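> Here's a structure for you.
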Amino acid sequence: KPFISFGARRHLQPIIAKEGVERTYIMVKPDGVQRGLIGEIISRFERKGFALKGLKLFQCPTDLAEEHYVELKEKPFFPKLVKYIVSGPVVCMAWEGPGVVASARKLIGSTNPLTAEPGTIRGDLAIAVGRNVVHGSDSPDNGEREIGIFIFQTLWFKEGELVEWEQNNAPWLLE
Ligand code: ADP
C-alpha cells in the first residue's frame with residue numbers, strides 16, 4: 001500500500017515543468033537567514049504576486065553548491081563562494097508566474113549590492129558581493145535546472161517537494 005494516499009498525491013506538482021509555465025529558483029543565502037531577513041525577502045516576491053510552489057529550510061552540502069555554481073567553476077572566488085553557500089542553512093524556493101525569471105532578477109538587483117538600485121533586495125539590504133543575501137536564476141533554463149529535472153538530475157528540489165495549488169487571487173493578478 002502506498003504511504004501517501006492518491007488524494008494527497010494529486011496535489012504534488014511534477015518536478016518537470018508544465019508547458020508554458022515559467023519558474024525560477026530563489027534562495028535566501030546563509031547571511032540572509034542569519035540576519036533574520038527570510039520573511040522580508042519572501043515578502044517581496046509574495047507581494048509582487050508570484051506563486052510559491054516550493055519552500056524549505058535546508059543545509060546545502062558542498063557538492064550541491066559546486067554543481068549549482070558550476071558555470072563559475074573557473075572564477076577565482078569560486079572556493080570562497082562554495083564555502084559561503086554551505087556556511088549555514090539556506091531557504092530554497094520555487095516561484096512561478098509569467099516572466100518570473102527576469103522580474104525576480106529585477107526585484108533582487110545587481111550582483112554587487114553597492115551598485116544595486118535602492119528598492120531592490122540587494123540595494124536595500126546588503127553591502128558586499130560575497131554577502132548579497134539572495135539568489136535568483138538567470139534564465140528560464142537555469143530555473144528548470146535549479147528547481148527540477150535537467151539532463152536526468154535534480155538540484156534543489158526532489159520529486160514530491162513541490163506543491164500544486166492555484167492562488168485564489170489569480171483573477172486579481174492576471175488578466
Ligand atoms: P548573481 O547571483 O547576481 O547571478 P553571479 O552568477 O555572477 O551573480 O555570481 C554568483 C554569486 O557569486 C553572486 O551572487 C555572489 O554571491 C558571488 N560572487 C560573484 N562575483 C563575486 C566576486 N567578485 N567576489 C566574491 N563573490 C562573488
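Read-outs: derived from the displayed coordinates by stated rules, not from any lab. Remember, predicted model here, so these are calculated numbers, not experimental data. No Cβ is skipped: glycine too gets one built from the backbone with ideal geometry, and neighbour counts run over all protein chains shown.
> Can you put D63, D124, D31 in order, fewest other beta carbons within 10 Å first?
Ascending number of Cβ neighbours within 10 Å: D63, D124, D31.
> Another question about this same structure. List the relative contact order of the chain as a percent without decimals, with contacts defined as Cα pairs under 8 Å and 6+ residues apart.
Computed over the chain, the figure is 34 percent.
> Given R₀ = 35 Å, what would the calculated FRET efficiency be for E166 paired with D138, taking r from the Cβ atoms and rounding to 0.05?
For R0 = 35 Å, the calculated efficiency reads 0.80.
> Give K56/K158; K75/K106; K83/K158; K18/K158 a once-over and call out the pairs whose C-alpha atoms are over 20 Å from each other.
K75/K106; K83/K158
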